[in-house]
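Q: Following this message is one structure expressed as structure tokens.
The values are calculated or read from the model by the stated rules, or taken from the named source; none is laboratory data. Predicted, not measured: the structure shown is a model, and the values here were computed from it. For neighbour counting, all protein chains shown are included, and Cβ atoms are generated from backbone atoms with ideal geometry for every residue, glycine included.
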Amino acid sequence: MNYSSQKIDAPSYPLISAIVLSYNRREDLQRTLTNLLQDSYPSLEIIVVDNASIDNSGEMVHTDFPTVKLIQLNTNIGIAGWNEGMKVASGEYFLCLDDDSYPLADSLQKILPSLCPTKILSLKIVTPSGQLDSPYFNTSFQERTFIGCGVIIPKYIYKTIGGFNQTLFIYQHELDYSIRAIDKGFSIQYVPEAIVCHSRSRGNREIQNGRDRRVMYYMTRNSLIIVLQYFSLQKIIGRIARILLGRLSFAVFSGTFLITVKAIIDGLNQGWKYRNSSTIVSRKTQEFYEYGKYAGSFFCDGLYGFKRPKFLNK
């Protein structure tokens, strides 16, 4: 299938740059691009950032989707690949997607009333069966952070605070970006009318005993880095204690002790290393993320940490 027709920009629709981050998921990427090119939004630029795939993803994009901008990196730099797309994007708004996620029909039309240069739009992420992708979806949670495979980031915010934190590589980058944005006076709005389908591809996973070891490692490591980078010494002791107790207890329960210990050691080392070069956020921002659910929690989603009780999700 060859898509050669260009979409015509409509003056009444702000240009949105859809930046798709891809790594060795050729078929997933093909499905995502097909859906984007069939989207009804009339002013859409599509950029694929390929994180050094070796499955001919780049060749597929060149052949089947010639109107799509392709950036092929020589090294897999994780979530920082989105930054490379943002550098060349023409749109005033960036739609960040994974290679296994895409907006459902008319969803981009539904964000129009909420588009604002000083506001991140957190979209509703669902699985192909229509189930919520995260157990934490509610307005309160989505006003503090977002899920990275379906979010609108205004170019103005990107120009102000920069791109995603390349130190994290993958996972928890959404919380990191949200803390930085909130600290600069920006806001996050949850737009449940705009829906992104996330197929949760099993490609690039490190599944062992039903759990992805890569998720276990980076979720724990990056939680510690974020707390150490942005919170004052008075605020980090309790948070770090919650993270350590929660993750180690679950590691014993789930048989993932060694990878969890490695994540803790690396997280503490990296966090202290970058603390001197990072900026402690304001007291107001620290209080906004005071609730441990957002930055420094004992609980998690039930698969990579003990499930947070429902009464604590309110």
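Q: Could you please let me know if I79 is crowded, with 17+ Cβ neighbours inside 10 Å, modelled with pLDDT under 95 and under 23 Å from Q30 (Cβ atoms)? Walk me through it before giving the result.
A: Working: crowded, with 17+ Cβ neighbours inside 10 Å: yes; modelled with pLDDT under 95: no; under 23 Å from Q30 (Cβ atoms): yes.
Against the criterion (crowded, with 17+ Cβ neighbours inside 10 Å, modelled with pLDDT under 95 and under 23 Å from Q30 (Cβ atoms)), I79 does not qualify.
Q: Answer yes or no: is there a residue in segment 24-39 that is surrounded by 23 or more Cβ atoms within 10 Å (Cβ to Cβ), touching a residue at least 60 places away in the same chain (Cβ under 8 Å), assigned by TED's automatic domain parsing to the domain that holds I152 and of a type in the set (S, T, Y).
A: Yes, some residue in segment 24-39 is surrounded by 23 or more Cβ atoms within 10 Å (Cβ to Cβ), touching a residue at least 60 places away in the same chain (Cβ under 8 Å), assigned by TED's automatic domain parsing to the domain that holds I152 and of a type in the set (S, T, Y).
Q: Among (1) under 24 Å from I182 (Cβ atoms); (2) touching a residue at least 24 places away in the same chain (Cβ under 8 Å); (3) over 19 Å from the mean Cα position of the chain (by Cα), there is one condition Q109 misses while meeting the rest; what is its number?
A: Failed condition: (1).
Q: Follow-up. Filtering segment 256-311 down to residues that are among the hydroxyl-bearing types (S, T, Y) and in a helix (DSSP H, G or I), which residue is farthest from K235 (Cα to Cα)? Spell out the reasoning first.
A: The initial filter retains those residues of segment 256-311 that are among the hydroxyl-bearing types (S, T, Y), namely 256, 260, 274, 277-279, 282, 285, 289, 291, 294, 297, 304.
Next cut, in a helix (DSSP H, G or I) only: 260, 274, 285.
Values: T260: 23, Y274: 17, T285: 12 Å.
Step by step, filter segment 256-311, then rank; the result is T260.
Q: Exactly one condition in (1) over 14 Å from P117 (Cα atoms); (2) at pLDDT 95 or above; (3) out of contact with any Pro (no Cβ under 9 Å at 6 or more places or on another chain); (4) assigned to a strand (DSSP E or B) is not met by A194; state its number.
A: (3)
Q: For segment 208-255, which residues satisfy the criterion of being modelled with pLDDT of 90 or more, outside any helix (DSSP H, G or I) and of a type in the set (S, T, N, Q)?
A: Hit for segment 208-255 is S232, nothing else.
Q: Would it be correct to say that I147 is outside any loop (DSSP other than H, G, I, E, B) and of a type in the set (V, I, T)? Steps first, please.
A: Working: outside any loop (DSSP other than H, G, I, E, B): no; of a type in the set (V, I, T): yes.
The answer is no for I147.
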